[in-house]
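Data first, discussion second: the structure below is written as structure tokens.
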Amino acid sequence: MTMRAIIILASLVIAAAAAAQAQPSNATTDSKVISDCLKKADDAGDFGSACIGLVATPCTKKAENDIAKSKACAQRELTVWTALGEAAAKRVRAGGFKDISTALTESDKGWTQHRDKLCPVFDKIEPGFLPGNAVYCRMQTTANRVLLLRKLGDAVNEH
């Protein structure tokens, strides 16, 4: 094996180890971290904002300014918030208020458009300004919407 091949192989092994360190979790664990936090927030009467970033932030710190790893960290948490958003929207619709369900459907269009127009801008700015760039923006935007929908779901299902 040539010295160049050894260096390339060693670099690949180091990169793989670093990637594994920055992304050591699975969807079930990530979901539990956020769900447990939301349960505590609900019990305390809090909105749940402190639950945003619980998966992505520690992972991003381990990524050591590697943009690809930071994006993967944000994507892990975005996956959780996306699933929570689907459940929250379903709960809102289950409340039985046609006008609220219609408003939710209409707002989905505007919200998706907002997210899809704003977040890609973060891929064009200084790397590191927002860890994970556009993916992190989508995670933050989605998480905040989920928190609102959870509250709306609580309100329309009180009876």
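If you filter the range 58-137 for trypsin sites (Lys or Arg not before Pro), then keep DSSP loop positions with at most 14 other Cβ within 10 Å, what is left? Don't skip to the answer; put the middle values down first.
Values: sites: Lys61, Lys62, Lys69, Lys71, Arg76, Lys90, Arg91, Arg93, Lys98, Lys109, Arg115, Lys117, Lys124; in loops: Lys124.
Within the range 58-137, the qualifying trypsin sites (Lys or Arg not before Pro) (loop, at most 14 other Cβ atoms within 10 Å) are Lys124.
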Contour excess over end-to-end distance, with Cα ends at Thr57 and Lys98 and 0.36 nm allotted per residue: 10.9 nm
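Under a Cβ-Cβ cut-off of 14 Å, what is the net charge of the residues other than Gln113 that fall near it, where Lys and Arg count +1 and Asp and Glu count -1?
Working: positive: Lys109, Arg115, Lys117, Arg138, Arg145; negative: Glu106, Asp108, Asp116.
So the surrounding residues net to +2.
Find the Cα radius of gyration of the range 23-103, compare it with 2.2 N^0.38 Å by division, and give the number to two decimals. Could the numbers behind the result be given before it?
Working: Rg = 15.1 Å, N = 81, 2.2 N^0.38 = 11.7 Å.
Here the answer is 1.30, to two decimals.
Taking the Cα centre of the range 94-159 as origin and charging only Cβ (+1 Lys, Arg; -1 Asp, Glu), how large is the dipole, in debye to the nearest 20? Show your work: numbers first, answer last.
On the way: 9 positive and 8 negative charges, 18 e Å.
Dipole size: approximately 80 debye.
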In the range 47-137, the GluC sites (Glu not before Pro) that fall in loop regions by DSSP, at most 16 other Cβ within 10 Å: Glu64
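Determine, for Cys73, Cys119, the number of other Cβ atoms within 10 Å of each Cβ, and report the residues in order from fewest to most. Before the final figure, lay out each step's value.
Numbers: Cys73 29, Cys119 20.
Final ranking by Cβ density, sparse to dense: Cys119, Cys73.
Every number here is computed from the coordinates shown, using simple stated rules; none is lab data. These numbers were taken from a predicted model, which means no experiment stands behind them. Counting neighbours? That spans all protein chains shown, and the Cβs are built from the backbone with ideal geometry, glycine included.
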